[in-house]
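The structure under discussion appears below in the form of structure tokens.
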Amino acid sequence: MSTPRVRLPRSASAGEEIEIRTLIDHPMVTGLSSDNPRDMLARFDARMNGQTVLSYDFGNGSAANPTFTFYLRAAAPGDFEFIWTHEDGTEFRAEGSVSVS
């Protein structure tokens, strides 16, 4: 459970817009409509070279297996870090890099 996956290009040309896709396998159970206990992610953060480029706070209306697709302009090489934080504080991480020529 809670397996993060990330798709980003290995390389890009300077100034090129790149697509980044993330997905995490997570049930996102609110506990409101079932006997199952609450099991929700609280936050998602995407960072490039230590700078936050996207952050999102999950709510009760969040779908299972949440996915994000977003775009960045590749001005310089980047080391990416993607962090999903569960309500109990557990973190799920994925990393990737993009070289720029």
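Throughout, read-outs are computed from the coordinates displayed, never taken from laboratory work. These numbers were taken from a predicted model, which means no experiment stands behind them. No Cβ is skipped: glycine too gets one built from the backbone with ideal geometry, and neighbour counts run over all protein chains shown.
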Within 13 Å, Cβ to Cβ, of Thr67, how many net charges do the neighbouring residues add up to if Lys/Arg are +1 and Asp/Glu are -1? +1
In whole angstrom, the spacing between the Cα centers of the range 1-20 and the range 66-100 equals 8 Å
Exposure proxy order (Cβ contacts within 10 Å, fewest to most) of Arg10, Arg47, Arg21: Arg10, Arg21, Arg47
When only Cα pairs under 8 Å and 6 or more residues apart are kept, what is the percent relative contact order across the chain? 35 percent
Considering the options His26, Phe44, Gly96, tell which one lies farthest towards the positive end of the dipole of the chain, charges being +1 on Lys and Arg and -1 on Asp and Glu at the Cβ, about the Cα centre. Gly96
Most mobile of Pro37, Pro27, Pro66 per a Gaussian network model of the chain (Cα springs, under 10 Å)? Pro37
Which of the listed residues, Ser2, Asn65, Ala75, is farthest toward the dipole's positive end in the chain, when Lys, Arg count +1 and Asp, Glu count -1 at the beta-carbon? Ala75
Dipole of the chain, Cα-centred, from +1 at each Lys and Arg C-beta and -1 at each Asp and Glu C-beta, to the nearest 20 debye? 280 debye
Given Cα pairs under 8 Å that are at least 6 residues apart, what percent is the relative contact order of the range 15-55? 22 percent
Given unit charges at Cβ for Lys, Arg (+) and Asp, Glu (-), the dipole magnitude of the range 1-47 about its Cα centre in debye, nearest 20, is 140 debye
Quick one: order Leu54, Leu72, Leu32 by neighbouring beta-carbon count within 10 Å, fewest to most. Leu32, Leu54, Leu72
